[in-house]
Amino acid sequence: MRELKWIEAIERVLKEHSRPLHYTEIAEQILENGYRSSVGSTPATTVNAYISNDIRDFGDDSIFIKVAMGTFTLRERSNTSKEKFKKSEISYTSVINSYGMFWHRNQVFWNERPDLYGTQLETNSITNFKEQKGIYILNDGPNILYVGQAIEETIGEKLFGHTNDYLEGRWNRFSWFGIYEPDFEGTIFSVQESNREISIQDIVETMQVLLIETLEPKQNRDSRTLLSGLEFKQVEDPDLKRKRIQQILSEISTSY
């Protein structure tokens, strides 16, 4: 069997299932069925990006439709999908709307309001998460060093604080889990507070899935509670070198 294009593979998986699927499930089915052999290091992120871009580019003419956070079906099934989805045994935490895992500290130019660039696909537009709020984790390699929250301040501002405190030289990566969702254009990041009420179940499920995602306990890998937010791969600050040179020159000039 020839290797399917991403869109073809996604469409086939959705046709084979009577209920809507989370993009992580779609990626798993593509791998299990051998629809693609070259999937890269983050197939779930790629699947989500292809579907999201198709919906963005074609609107009502897209073959896909979003029925819940991170969950999609074919448009031709949209009349019955939502009811079937409500009956699904799989749940998706809806508190975290976007996140980044194991980003590199040295790919950010650190200042009081650092730019945090990410993308869902290398060819997709870039989103700046400098206004994101939520939870962050400092990593020393694969090891978790510190867990913090960013509510009054942004995640970037809180991270910057750790470049100048007692943790300064102890972390080289970070992960973040944000409550705000970027739009599909990748250029506008909404920081408007949601009016949706968060239930106790939402909170507990989010706590559970965050622990599973970060600690990766072996007996939880088949958990039916999934992180529904959009995962973003890190993009190095394009002006990082220029900014560092300017910073060095400024420090030199002030020292005389």
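Which of the residues spanning the stretch 109-155 are β-branched (Val, Ile, Thr), modelled with pLDDT of 90 or more and either buried (at least 16 other Cβ atoms within 10 Å of the Cβ) or in contact with a Phe, Trp or Tyr (Cβ under 7 Å, 6 or more places away or on another chain) (or both)?
Within the stretch 109-155, 135, 137, 154, 155 qualify.
Go through the stretch 45-75 residue by residue and tally those that are touching a strand residue (DSSP E or B) at 6+ places or on another chain (Cβ under 7 Å) and small (Gly, Ala, Ser).
Quick first cut of the stretch 45-75, residues touching a strand residue (DSSP E or B) at 6+ places or on another chain (Cβ under 7 Å) only: 45, 48, 51, 54-55, 63-75.
Right, trim to small (Gly, Ala, Ser) and you get 68, 70.
Residues in the stretch 45-75 being touching a strand residue (DSSP E or B) at 6+ places or on another chain (Cβ under 7 Å) and small (Gly, Ala, Ser): 2 in total.
How many residues, within the stretch 141-170, are closer than 18 Å to residue 131 by Cβ and assigned to a strand (DSSP E or B)?
3
Among the listed residues 205, 251, 216, 197, which satisfies the condition of being closer than 12 Å to residue 95 by Cα, open to solvent by 100 Å² or more (accessible area, probe 1.4 Å), at pLDDT 60 or above and not β-branched (Val, Ile, Thr)? So that I can check it myself, show each step before the final result.
Working: 205 fails: open to solvent by 100 Å² or more (accessible area, probe 1.4 Å); 251 fails: closer than 12 Å to residue 95 by Cα; 216 fails: closer than 12 Å to residue 95 by Cα.
197 is the lone residue from the list that is closer than 12 Å to residue 95 by Cα, open to solvent by 100 Å² or more (accessible area, probe 1.4 Å), at pLDDT 60 or above and not β-branched (Val, Ile, Thr).
Please tell me if residue 91 is modelled with pLDDT under 80 and either of a type in the set (Phe, Trp, Tyr) or under 20 Å from the mean Cα position of the chain (by Cα) (or both). Full working, then the answer.
On the way: modelled with pLDDT under 80: yes; either of a type in the set (Phe, Trp, Tyr) or under 20 Å from the mean Cα position of the chain (by Cα) (or both): yes.
Criteria met by residue 91.
Condition check: at pLDDT 75 or above and either among the hydrophobic types (A, V, I, L, M, F, W, C) or under 22 Å from the mean Cα position of the chain (by Cα) (or both). Does residue 222 satisfy that? Write out each step before concluding.
Numbers: at pLDDT 75 or above: no; either among the hydrophobic types (A, V, I, L, M, F, W, C) or under 22 Å from the mean Cα position of the chain (by Cα) (or both): yes.
Answer is no for this residue.
Does the stretch 119-126 contain at least one residue that is under 30 Å from residue 54 (Cα atoms) and of a type in the set (Asp, Glu)? Break it down into steps so the answer makes sense when it comes.
Initial filter on the stretch 119-126 (under 30 Å from residue 54 (Cα atoms)): 119-126.
The next check asks that each one be of a type in the set (Asp, Glu); those that pass are 122.
Looking through the stretch 119-126, at least one residue is under 30 Å from residue 54 (Cα atoms) and of a type in the set (Asp, Glu).
Looking at the stretch 40-47, can you tell me whether even one residue there is of a type outside the set (Val, Ile, Thr), loosely packed, with under 15 Cβ neighbours inside 10 Å, at pLDDT below 85 and under 18 Å from residue 232 (Cα atoms)?
Taking the stretch 40-47 and keeping what is of a type outside the set (Val, Ile, Thr), we get 40-41, 43-44.
Add one more test, that the residue is loosely packed, with under 15 Cβ neighbours inside 10 Å, and what stays is 40-41.
So of that shortlist, the ones also at pLDDT below 85 come out as 40-41.
Narrowing the set further to residues that are under 18 Å from residue 232 (Cα atoms) leaves 40-41.
Looking for residues that are of a type outside the set (Val, Ile, Thr), loosely packed, with under 15 Cβ neighbours inside 10 Å, at pLDDT below 85 and under 18 Å from residue 232 (Cα atoms), one finds at least one in the stretch 40-47, hence yes.
When residue 52 is evaluated against the numbered criteria (1) open to solvent by less than 80 Å² (accessible area, probe 1.4 Å); (2) farther than 20 Å from residue 36 by Cβ; (3) touching a Lys or Arg at 6+ places or on another chain (Cβ under 9 Å); (4) at pLDDT below 85, which criterion, by number, is the only one it fails?
Residue 52 satisfies all of (1) open to solvent by less than 80 Å² (accessible area, probe 1.4 Å); (2) farther than 20 Å from residue 36 by Cβ; (3) touching a Lys or Arg at 6+ places or on another chain (Cβ under 9 Å); (4) at pLDDT below 85 except (2).
The values are calculated or read from the model by the stated rules, or taken from the named source; none is laboratory data. No experiment lies behind these values; they were computed from the predicted model shown. Glycine also receives a Cβ, built like all others from the backbone with ideal geometry; neighbour counts cover every protein chain displayed. Just so you know, the surface numbers come from the protein's heavy atoms only, side chains and all, with ligands and any DNA or RNA stripped out. Shrake-Rupley method; radii C 1.70, N 1.55, O 1.52, S 1.80 Å.
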